[in-house]
1. Residues of region 224-248 being small (Gly, Ala, Ser) and touching a residue at least 24 places away in the same chain (Cβ under 8 Å), which ones?
2. Of the residues in region 218-248, how many are closer than 17 Å to Arg161 by Cβ and modelled with pLDDT of 95 or more?
3. When the residues of region 29-47 are narrowed to those that are in contact (Cβ under 8 Å) with a residue 12 or more places away in the chain, in a helix (DSSP H, G or I) and of a type outside the set (A, V, I, L, M, F, W, C), which ends up least open to solvent (accessible area, probe 1.4 Å)?
4. In region 163-201, what residues are small (Gly, Ala, Ser) and in contact with a Pro (Cβ under 8 Å, 6 or more places away or on another chain)?
5. Which ones in region 157-175 are open to solvent by 30 Å² or more (accessible area, probe 1.4 Å) and not acidic (Asp, Glu)?
6. Take the residues in region 105-142 that are more than 27 Å from Ser16 (Cα to Cα) and touching a residue at least 60 places away in the same chain (Cβ under 8 Å), then tell me which one is least open to solvent (accessible area, probe 1.4 Å).
7. Would you tally the residues in region 48-82 being open to solvent by 80 Å² or more (accessible area, probe 1.4 Å) and farther than 17 Å from Val175 by Cβ?
8. Is it true that Phe166 is at pLDDT 95 or above and of a type in the set (Phe, Trp, Tyr)?
Amino acid sequence: MTLAPLLTPRQEIVQSLKKNGYVVISAESVAELCHVAVSDLEALNHFWDEMPRDPYLKDGGRYRYRRHASYQITGEQLEMVPHRAHWQSVTYNALHGGIERWFDPIHVDLAKSAAWQAVLLGIANTLSSLKPIKTWFIEAHQFRIDTTDGIGRPTPEGAHRDGVDFVAVFLLNRVGIKGGETRIFDANGSAGLRFTLSQPWSLLLMNDEKMIHESTPIQPLGAHGHRDTLVLTYRSNGFQDSPLQAQQ
């Protein structure tokens, strides 16, 4: 049995995000926010097939596949920036922080997709209603976690913050698995919440300054299984860069 999340109605998203630090949004509300059809979102799912393995896992696992891209949004202007390393300090990622991680870029056809661009802009516009700023600096991460090793870990670093303003976690697909429960906690207290995202293109949207999050490991129900997600991070104070990048 999995615990379904309590969904936030479309008209209450900004208010609830401000008050509670998070919202869980249905695929239908995501589509409305982004001015696309749910079918247009689901048509992007095939871009999660045949992704390269994450070569940086320090636990020696083979369970994570990943692609990465970076963007800037100013008003309604979306700009994909030159491919860059993903970097986090050890403050936010004790396991994989402090190193430049050069993941393969997203597929060119995904980058060109109108639905993909609409998602990036739609979430930015929603967040700008809460925190008006000039430019959002966005990192997009495609993830597939599979059960090659018998178990897959969506967040091997454990419960964490990402060092950004907001984090959007889209559940795209669950295939032949159990586990993968989402857990979020108040960064300044002990209050917590647990649930399992299951609807394709449903969304957990969080204020990263207020909330800590993690996802529990997955296991196969049969011979094999996987879980696909899209994680978008929105930051108002530039990209997180390694000291080496900052000097360039």
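The values are calculated or read from the model by the stated rules, or taken from the named source; none is laboratory data. Owing to the predicted nature of the structure, the values given are computational and were not obtained by experimental measurement. Please note: Cβ atoms are built from the backbone with ideal geometry, for glycine as well, and neighbour counts cover all protein chains shown. Side chains included, ligands, DNA and RNA excluded: accessible areas come from the protein's heavy atoms. Shrake-Rupley method; radii C 1.70, N 1.55, O 1.52, S 1.80 Å.
1. Listed by number, the residues that qualify are Gly225, Ser236, Gly238, Ser242.
2. First pass over region 218-248, keeping only residues closer than 17 Å to Arg161 by Cβ: 231-237, 239-240.
Going one step further and asking which of them are modelled with pLDDT of 95 or more, we end up with 231-236.
Qualifying residue count, region 218-248: 6.
3. Looking at the filtered set, the residue picked out is Ser29.
4. Residues satisfying the conditions are Gly176, Gly179, Gly180.
5. Ala159, Arg161, Asn173, Arg174, Val175
6. Leu110
7. Initially, region 48-82 is screened for residues open to solvent by 80 Å² or more (accessible area, probe 1.4 Å), giving 50, 53, 55, 58, 62, 76-77, 79-80, 82.
With the extra rule that they be farther than 17 Å from Val175 by Cβ, the set shrinks to 53, 55, 58, 62, 76-77, 79-80, 82.
Residues flagged as open to solvent by 80 Å² or more (accessible area, probe 1.4 Å) and farther than 17 Å from Val175 by Cβ within region 48-82 amount to 9.
8. yes
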